[in-house]
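Asks: Following this message is one structure expressed as structure tokens.
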Ligand SMILES: [Zn+2]
Ligand SMILES: [Zn+2]
Ligand SMILES: [Zn+2]
């Protein structure tokens, strides 16, 4: 399985994508982000969260230019939410606290 993101509307899918019904107009323009895996990566620019094997492809950031990927944590069964930016993650340990989009550090709250 691979992660795909549409460069036009920003939607992400892990299935072989269908080109139709792009919200941004007619056809989706899919960007291959790489193999699906068990690490949470988040782009510091566009905020996209990807469950990837390795750092995803930097191409096609919807915020412009290249994605700036941050490795947050391995995927697990614990649910963490940042009290500041609201991002929700499945993690096996407390995620990386650096670079909360709301400023400063993420404040992770274990939900389960
Ligand atoms: Zn699209
Ligand atoms: Zn990005
Ligand atoms: Zn945060």
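Values quoted throughout were computed directly from the atomic coordinates according to the rules given, and no laboratory measurement underlies them. These numbers were taken from a predicted model, which means no experiment stands behind them. Heads up, the Cβs are rebuilt from the backbone with ideal geometry, glycines too, and the neighbour counts pull from every protein chain shown.
Asks: With springs only between Cα atoms under 10 Å, which of 40, 68, 18 fluctuates most in a Gaussian network model of the chain?
Replies: 18
Asks: Run the numbers for residue 102 and residue 15: contour at 0.36 nm per residue of separation, minus the present Cα-Cα distance, in nm.
Replies: Full extension from residue 102 to residue 15 adds 28.2 nm.
Asks: What number in nm² do you get for the chain if you take the convex hull of its Cα atoms and divide its surface by four?
Replies: 6.9 nm²
Asks: Enter the Cα centre distance for the pair the range 77-102 and the range 1-47, rounded to the nearest angstrom.
Replies: Each part's Cα centre sits 21 Å from the other's.
Asks: Multiply the residue separation of residue 39 and residue 68 by 0.36 nm, subtract the distance between their alpha-carbon atoms, and state the gained length in nm to one decimal.
Replies: That works out to 8.9 nm of additional length.
Asks: Moving on. Measuring from label point to label point, each 7 Å out along Cα→Cβ, what is the residue 85 to residue 26 span in nm?
Replies: Rounded to a tenth, the inter-label distance reads 3.5 nm.
Asks: Could you calculate the contour length gain from residue 1 to residue 49, that is, 0.36 nm times the residue separation minus the distance between their Cα atoms, to one decimal place in nm?
Replies: Residue separation times 0.36 nm, minus the Cα-Cα distance, leaves 15.7 nm.
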